[in-house]
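The values are calculated or read from the model by the stated rules, or taken from the named source; none is laboratory data. Note that the coordinates shown come from a computational prediction; the quantities given were computed from them, not determined experimentally. Cβ coordinates were reconstructed from backbone atoms using ideal geometry, including for glycine residues, and neighbour counts include every protein chain displayed. Protein only, heavy atoms only, side chains kept; ligands, DNA and RNA dropped before computing areas. Shrake-Rupley method; radii C 1.70, N 1.55, O 1.52, S 1.80 Å.
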Amino acid sequence: MADWSERVDELLFDGESVESTVDVGAGTIVVTSHRVLVFTPEGDGPRYRAIDRPNVLGVEQRGVSPFDLFSKATKLGVGGGLLVLVGLVVDPEALFPRPDLSGAQGMGVVDTVDSMLGVFYALDLALLALGAVLSIVGVGLLTVQLATRKDRLAIEIAGEDDVVLSWGVDDATVAEIDAAIDVPEAEAQAPPAV
């Protein structure tokens, strides 16, 4: 297979010139006068992306995990915590105390009411147990997310998915790529005062 990062001249438009080339792990970023060319021959997605320079919003280091567990872990943790809180705060015996049915006639009805109250009181323990299990699962998923997270280089693109490359650069290289792309600062993007 051809490594197109070594044959960039064939991809340039008329009047376009290469301004900077930076190797990033197994990939290469080539900044031209018009575009940012990203070569990722060993990546999962496209092996080549051409991004018009005005569409590049920035370059940053980003922690990326192969799993997207953060939202699930948060939902499970919060849901489990709420169930534990409800189980601890709500006392079903205080809400519905057992009536004294010692002298009641018709034991069948009394037994049914007593059984229903027993199930309702057990619901408190079930909420505590379920909440504890959900919280533990949420913490476990969050731990997996954080343990599998690796630093990557991300090129933010307006209106499209960001390009994420394997790591292999430091802060100085990120600054070099950012400067080569010439991403305008936030105050420079503000419209002029009238």
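Listed values, structure above:
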| quantity | calculated |
| --- | --- |
| Filtered residues of segment 136-178 (kept if assigned to a helix (DSSP H, G or I), among the small types (Gly, Ala, Ser) and in contact with a Leu (Cβ under 7 Å, 6 or more places away or on another chain)) | GLY138 |
| Residue match in segment 114-125 (condition: assigned to a loop (DSSP other than H, G, I, E, B), at pLDDT below 85 and loosely packed, with under 15 Cβ neighbours inside 10 Å) | no |
| Residues of segment 1-41 that turn out to be free of Cβ contacts under 8 Å to residues at least 40 places away in the same chain, assigned to a loop (DSSP other than H, G, I, E, B) and open to solvent by 20 Å² or more (accessible area, probe 1.4 Å), as a count | 10 |
| Sole residue being more than 30 Å from ARG152 (Cβ to Cβ), surrounded by 15 or more Cβ atoms within 10 Å (Cβ to Cβ) and modelled with pLDDT of 85 or more, chosen from LEU134, LEU82 | LEU134 |
